[in-house]
Amino acid sequence: MHTLLKKLLIRHFGSLESAPAGWEDFIRDVDVNLRRATELLDMFEMSEERSAGELARASFDMEAFFQIAPDVFLRLDPDGEIKAARGGRFFSLSPEACSGRSVKEVLGPELGEDFIRAIRQCMHGGEIVCMEFVRKNGGGALRLFEARFMSRKGEAVAVIRDVTERFESENRRLALEERYRAIFENSGAATFIVDPSARILLANAMAEHLTGLSREELQRRLRISDLIPAEDWETVRVSSRGASQSPCPESSYACRLESKDGDVRYVTVTMASIGGGPESVVSMLDITERVNIEHALRKSVNRYRTIFETTGMATVILEQDGVISLANTEFANLSGYSKQDIELKWSFWSFVHEDDAERICELHRMGLRDADAAPRNCELRIKARGGEVLHMAATGAVIPGAMQTVVSMQDITERTKAERQLLEAKELADVANRAKSEFLASMSHEIRTPMNAIIGMADLLGETSLNLEQKKYVQIFRSAGEGLLALINNILDLSKVEAGRLDLEAVEFDLAKVVDKTIEIMALRAHEKKLEIVCRVASDVPPRLVGDPIRLQQVFVNLLGNAVKFTDEGEIVFAVETVDGRKSGEPGDPPETGRRRVELLFSMRDTGIGIRPEKQQEIFENFTQADSSTTRRYGGTGLGLSITKRLVEMMGGRIWLESAPGRGSTFLFTSRFWVQEAASSSESARELRGLKALVVDDNASQRSALRDILLDWGMLVNEAGDAIEGLSRIKTARDAGDPYDLLLLDCRMPGMGGFKIAEHLYNNPGSVASSFMLLTANHRPGDAELALRLGMDGSFVKPLNKAELKEAILKAKSETSGDLSALDSKRPSPELAPLSILAAEDSENNRVLVDFYLQKTPYQLDFAANGEQAVERFCNREYDLVLMDIQMPVMDGYDAARAIREWERNHQLRPTPIIALTANAMREDEQRCLDAGCTAYLRKPIRKEDLLEAIRRYTAIED
């Protein structure tokens, strides 16, 4: 091959190895044409020596070749002049037009110079010179041309060929090759080119990443079988035999692949031959993540299938149309069918009872419409194969991401039967409870009606002139009547608590008044046993509270009553103190009150018989006392503490006791109240501040209680435990010129009592004290007169009423008080207006009692024996007030009150006050009175003062 041609190829392609695949054929064709042309020229030169016939034939052959050949043949001198031209058109000129012209003229100066250099180069070197250039063809399109120059007898012969199509074809081949190389390199699969022995010839970047080996380590050093475990490779090799011969195999094979660091990956292997040649392409796609997901999914499916099967509940999965796609063994056993018989063959609605099917179907549709809704619970009935109907508690929820519903069911057939039986039992219990309530109400009425007459007559008899023995008898049967009434109240309260019908009120009240009233009630019983009741209320206790004062007083009375009952000598100390306070707005406070809450601790300490520790909890149970001997000695039913405990718990507190046999007992309980906004915890009087007082009392608890009261008022207090010490303190103060402003003297003390001290001071006048006041456990005949004669400013029954004591001190200080012992006397009632009253009462005893109660009043009284008579008399006469008994024959008080109100409406009259007189103590009975049209009600037994006050109040409203 000529050196010039090599240089041309090297310049154009960079190296001979990079030259196009057809370059050798092209050079061979050009050489053949050049040599043929040379031989023809030689033949032409020899034609002169040959005969004319041979010359003509040679000329004809040569001309035919030039006409057929697509190339342009030129003969050129060293200066580029075209001596001869043959073949196709030389660009825009025909071959004949080119002869005798310079290449610069034909091709242009620049390209002509390139031609001249090539001519001279080939003539100088004697080798073929090649060059490429671009020219427009006859149509104006750019074309690529190749020119070859060869020296011949002092001239150059050139062959010019249009190589545009070959160049474009080569470019397309190279582009396609580059595209496939890019696909090979950038494939998401590890791709190898292997020889028939599976040796790796070529590997892409993903192959390096997957195996952890470089291309140098892979290519021509390893086989595919070196990367895949032997057992997996054998499966792939055998399975892919034959399939690998296809250029588009249809199967891939999963196996493991061991990377350089020992990591095992899961891959799918695909093998195919390359164009039917010996090499094959092997692709490996990493499916490790997918395999792990499949393993996890399979594990999850197995786990949930296990849960599905072992949940203990009958569970099914429903398609949109209600067909059961999956059922567990529990549902199969419950329904009586096998899972194979149920799944994808039965609709769930086929198992649901026809009365429940539409409701459950609608719940299913609602769940599909709102897949994000919370699981729905319901009850339904399932029909088993044998016809048995089972009650089920079901929960349904839509499976996330799927239009399916999972329904889990728990068999509650037995529970439903038990609930039905329980409901029946409850209905029977309700009937029994109603019967008990009706019985209690009836018994209350039957007992309270004669008790009304007994207690009322006792009150009336007590107002007459009786001797001491007669007064004692009256007091006994009046006390017995009140005891029986208390028993009835306890039984009714217990019944209300057990029935959940006892409600607490929330009204404003004065704690001091409730305490004083309770002490006043219990004082007589305590004084009869010569017991002292000491009351101590801490200064930080708010005086005005919001709660139920009636029930609180009931607790006080029960606990103090027990203390008095079981104490034969000594004292009873009633104390109140603050436990804890909370600011307003805390949980449990009504938001509209804006009040703070306070927790109070109440305690009743006695010096009675005490209670053994093992019996202390039992005494709060119904009908229980410490022991049977206690019941025989002291009497009682054992209901008081049981009711007290329940009332305390209803008031948000707790009750307990501290006791030891023979050492007395202390009952303690807590309760929570709201504090009235304007309430103040102090009852101090500014006028009493700085006054000097002496308390003379042998009872230390009583002295301490009095001291606390006086100190709270800002007074200066001294104490004396007996008369001798008291007189000594009085003398010392007098001698110092600073006498006491107030002396509080206990009436009866061992040795010298309060009267003796007062008499001594009375007989020894001097600046002793401004005021003398007597304290007594109970008034005896003549005590008030003696106190007045000795110059005392008042006498008070212990425990003291703080308000009365303060008022008496203030009056004595201002010297406006005469006989302050009259503080205990009642003021005369205001003059009563004449009234016409209708009393409907079927009990003759109670009619007599009401008549006696109103005997000394200007009231005109008419009686009716039943409700029918009362309505008839009311319609025939005008009355100012109606007293209406509720339980009466013929027509009861409810119907009578409704009939009166109806008659008034028909005649457009103002409502006449109707006061119901009821022996029923239930709240609903009281409400029935108001609903029937009554203005108010009084509960039997009715006291005289209560009846007179009610008449005055409701007739005054009408006036």
| task | With θ set to phi - 60°, apply the Karplus curve 6.51 cos²θ - 1.76 cosθ + 1.60 along segment 384-392 and write out the HN-Hα couplings as whole Hz, x wherever there is a Gly or Pro. | result | 7, 4, x, x, 6, 9, 10, 8, 10
| field | Kirkwood Rh in Å, taken over all unlike Cα pairs in segment 136-190 | value | 14.7
| task | List the pair-distance distribution P(r) of segment 79-168, using every Cα-Cα distance, as the percent of pairs falling in each 5 Å bin from 0 up to the bin containing the longest distance, rounded to whole percents. | result | 3, 14, 24, 28, 19, 9, 3, 0
| remark: HN-Hα couplings for segment 108-119 via Karplus (6.51, -1.76, 1.60; θ = phi - 60°), in whole Hz with x for Gly/Pro, come out as x, x, 5, 5, x, 4, 4, 4, 4, 5, 5, 4
| task | Beta carbons within 10 angstrom, averaged per residue: use that to sort the peptides 412-420, 157-165, highest first. | result | 157-165, 412-420
| message | Counting heavy atoms of the protein chains only and a 1.4 Å probe, report the per residue accessible area for segment 146-194 as a whole number of Å². | response | 54
| query | How far apart, in nm, are the 7 Å Cα→Cβ label points at residue 225 and residue 180? | reply | 2.8
| Leaving out ligands, DNA and RNA but keeping every protein chain, what accessible area does residue 935 have, in Å² rounded to the nearest 10, with a 1.4 Å probe? | 60
| query | Computed FRET efficiency, Cβ-Cβ of residue 340 and residue 423, R0 56 Å: what is it to the nearest 0.05? | reply | 0.85
| Ranking by accessible area, most exposed first, for 931, 708, 195, 226 with a 1.4 Å probe | 931, 226, 708, 195
| query | Given segment 263-359, what whole percent of its Cα pairs are spread farther than 17 Å? | reply | 68
| message | Between residue 538 and residue 878, what is 0.36 nm times their sequence separation minus the Cα-Cα distance? Round to one decimal in nm. | response | 116.9 nm
| said: Rg over Rh of segment 128-241, using C-alpha atoms and the Kirkwood radius, what does it come to? | reply: 1.32
| said: Placing +1 on the Cβ of each Lys and Arg and -1 on the Cβ of each Asp and Glu in segment 334-433, which of 389, 340, 413 has its Cα farthest towards the positive end of the resulting dipole? | reply: 340
| In sequence order, what are the phi-derived ³J(HN,Hα) couplings for segment 859-874 according to the Karplus relation 6.51 cos²θ - 1.76 cosθ + 1.60 with θ = phi - 60°, rounded to whole Hz, with x for glycine and proline? | 7, 9, 10, 10, 10, 10, 7, 7, x, 5, 4, 5, 5, 4, 5, 5
| remark: Projected onto their principal axes, the Cα atoms of segment 904-956 stretch, largest extent first, over whole-Å spans of 35, 26, 10
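The values are calculated or read from the model by the stated rules, or taken from the named source; none is laboratory data. Keep in mind that what you see is a predicted model, and the values were worked out from it rather than measured. Heads up, the Cβs are rebuilt from the backbone with ideal geometry, glycines too, and the neighbour counts pull from every protein chain shown. Ligands, DNA and RNA are stripped out before the accessible areas are found, and what is left, the full protein with its side chains, is counted by its heavy atoms. Shrake-Rupley method; radii C 1.70, N 1.55, O 1.52, S 1.80 Å.
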